[in-house]
Amino acid sequence: MAGKTTLSVIKADVGGWPGHVTVHPELKEIANKILKNDGVKKKILKDFYVTNCGDDLELIMSHTLGVDSKKVHGLAWDVFTKATKKAKELKLYGAGQDILSDAFSGNIKGMGPGTAEMEFTERAAEPVAVFMMDKTEPGAFNLPIFRIFADPFNTAGLVIDPSVHDGFRFEIWDIEKHKMVIMNSPEEMYDILALIGAKERYVIKRVFPKKEHPKLGSKKMNEPVAVISTDKLYEIAGEYVGKDDPAAMVRAQSGLPAFGEVLEPFGFPHLGSGWMRGSHNGPLMPVGERNAKCTRFDGPPRVLGLGFQIANAKLVGPVDLFDDPAFDITRERAQRVMDYMRRHGPFEPHRLPLADMEYTTLPNVMKKLKNRFKKVKD
Ligand code: F6R
Ligand code: MG
Ligand code: MG
């Protein structure tokens, strides 16, 4: 097939069932119907898959219209507004939570839902992993994405495969100052880590091959091999309306990290911020679709992984990647960490540091104490 393929993951929390646990099946049904009848049948989409991670409705769509397509974004907007209507009927919790505007103006970015999109030339075989997280934020992808593309202890190919050995380029966003920088790994690895270790502020947005990538070709150097959603809901809404539960896509194999190298970092349940009231650190637990629901203390934060082969912009899959005993030990470890963290109750570092609590409901509690403070004399 000539031309390029685009993968778009667009997600939103349009109502939880119950509370912030999961998505009601009727909302997924609405999404499936609209994407089939108005998407595939009207030749906007080539293919799609609807799922949920926790209370987020996730639309995985393939097409050939490029990123930021008005038609594709419009379709997603239609799904979220109609699903919101149903969520209101069922009195689901926080119905329409991530729909922050009444009118669609051509691009869904900045309107509440999260987006991760990439356009690329399909290789002879094109394996892609789609990751979705609930009860955490975009910076939670920094550690696994760094390890996939830059850590030789994770990705054997960086050491032993000449076509991966040169490393990758990272596009890193400063989400506070709305700036970005492109950095090379391994040359600038320590500088990259200096930034992305501060995951609340610096987030990996995309990863690209190096200029002379032997298998993808120099012409393809501007085609991303990974992309992460970086939407910050509180900045859009101006007040706390839930976390910016992120999604990401990673291409794998032949000149890129192998599929197993892409999954390997999720064998460690690293800490992410979010969880209860978007205010706590907790372990990212990898789960299959049937367990992609947030329960204990509204969590713990979860990551769902689906694998596809892309064939002429069709999604061949999904394979439920973490629905596998190979991740049982990670889940058990996550539960032990969860238990340990919970014992801290309202204390940091379980609760987030004050600077990160600024966007939660805590400042409203602090306000009333303001006038009680007196000067310390000695
Ligand atoms: C976390 C999340 C939940 C809610 C919590 C309180 O992202 O959405 O943990 O913050 O359940 O929700 P409200 O204030 O709506 O009762
Ligand atoms: Mg919710
Ligand atoms: Mg959510």
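Read-outs: derived from the displayed coordinates by stated rules, not from any lab. Here the structure is a predicted model, which means the values were calculated and not measured. Positions of Cβ are backbone-derived with ideal geometry, glycine not excepted, and every protein chain shown enters the neighbour counts.
Quick one: check the C-alpha center-to-center distance for the stretch 30-91 versus the stretch 250-273, whole angstrom.
27 Å
When you count, for each residue, the other Cβ atoms within 10 Å and take the mean per peptide, how do 248-255, 318-325 rank with the highest first? Show your work: numbers first, answer last.
On the way: 248-255: 22.2, 318-325: 16.9.
Top of the packing list down: 248-255, 318-325.
Averaging over every viewing direction, what projected area does the convex hull of the Cα atoms of the stretch 219-378 cover, in nm²?
So the Cα hull casts an average projection of 14.6 nm².
Restricting to Cα pairs below 8 Å that are 6+ residues apart, what does the relative contact order work out to for the chain? Please round to a whole percent.
It comes to 18 percent, rounded to a whole number.
In a GNM of the chain with a 10 Å cut-off on Cα contacts, which of Glu332, Glu58, Glu289 has the highest mean-square fluctuation?
Most flexible of the set in this elastic network: Glu332.
Rounded to a whole number, what is D in µm²/s for the stretch 287-370 from Stokes-Einstein with the Kirkwood radius over alpha-carbon pairs (10 °C, 1.306 mPa s)?
Value of D from the Cα-based Kirkwood radius: 99 µm²/s.
Residue by residue through the stretch 294-302, which ³J(HN,Hα) values in whole Hz follow from phi under the Karplus form 6.51 cos²θ - 1.76 cosθ + 1.60 (θ = phi - 60°), with glycine and proline marked x?
Those phi angles translate into 9, 10, 5, 6, 6, x, x, x, 10 Hz.
Enter the per residue convex hull volume of the stretch 84-215, computed from alpha-carbon coordinates, in Å³ rounded to the nearest integer. Intermediate values should be presented prior to the final figure.
On the way: hull volume 22.3 nm³, N = 132.
In the stretch 84-215, the Cα hull volume divided by residue count equals 169 Å³.
If you average 1/r over all unlike Cα pairs in the stretch 118-159 and invert the result, what Kirkwood radius do you get in angstrom?
Kirkwood hydrodynamic radius for the stretch 118-159: 12.7 Å.
Please tell me which of these pairs span more than 26 angstrom C-alpha to C-alpha: Lys33/Lys71; Lys11/Lys86; Lys11/Lys205?
Violating the 26 Å Cα-Cα cut-off are zero pairs.
Using θ = phi - 60° and the Karplus curve 6.51 cos²θ - 1.76 cosθ + 1.60, what whole-Hz ³J(HN,Hα) does each residue of the stretch 53-68 get, with Gly and Pro shown as x?
Per-residue couplings from phi come out as 10, x, 8, 9, 7, 10, 10, 9, 10, 10, 6, 10, 9, x, 6, 6 Hz.
Using θ = phi - 60° and the Karplus curve 6.51 cos²θ - 1.76 cosθ + 1.60, what whole-Hz ³J(HN,Hα) does each residue of the stretch 205-210 get, with Gly and Pro shown as x?
9, 9, 10, 10, x, 6
Give me the number: length gained by fully extending Lys42 to Asp174, i.e. 0.36 nm times residue separation minus the C-alpha to C-alpha distance, one decimal in nm.
Working: separation 132, 0.36 × 132 = 47.52 nm, distance 3.85 nm.
Extra length available between Lys42 and Asp174 comes to 43.7 nm.
From the residues Ser8, Pro186, Val79, which one has its Cα farthest along the dipole of the chain in the positive direction, the dipole being from +1 and -1 charges on Cβ of Lys/Arg and Asp/Glu about the Cα centre?
Val79
Which of the aspartates and glutamates could a cross-linker bridge to Lys179, judged by Cα under 13 Å and excluding same-chain residues fewer than eight apart?
Glu171
Considering the Cα positions of the chain, please state its Rg to one decimal place and its Dmax as a whole number of Å.
20.6, 77
What FRET efficiency would be calculated for the residue pair Lys85, Asn107, taking the C-beta separation as r and a Förster radius of 22 Å, to the nearest 0.05?
Once the sixth-power term is evaluated, E becomes 0.50.
May I ask for the equivalent-ellipsoid semi-axes of the stretch 1-146, computed as the square root of five times each C-alpha gyration tensor eigenvalue and listed largest first in whole Å?
The equivalent ellipsoid of the stretch 1-146 has semi-axes of 25, 19, 14 Å.
Just subtract the alpha-carbon distance of Glu239 and Val365 from 0.36 nm times their residue separation and send over the number in nm, one decimal. Please list the in-between numbers first.
Values: separation 126, 0.36 × 126 = 45.36 nm, distance 1.47 nm.
Roughly 43.9 nm would be gained on extension.
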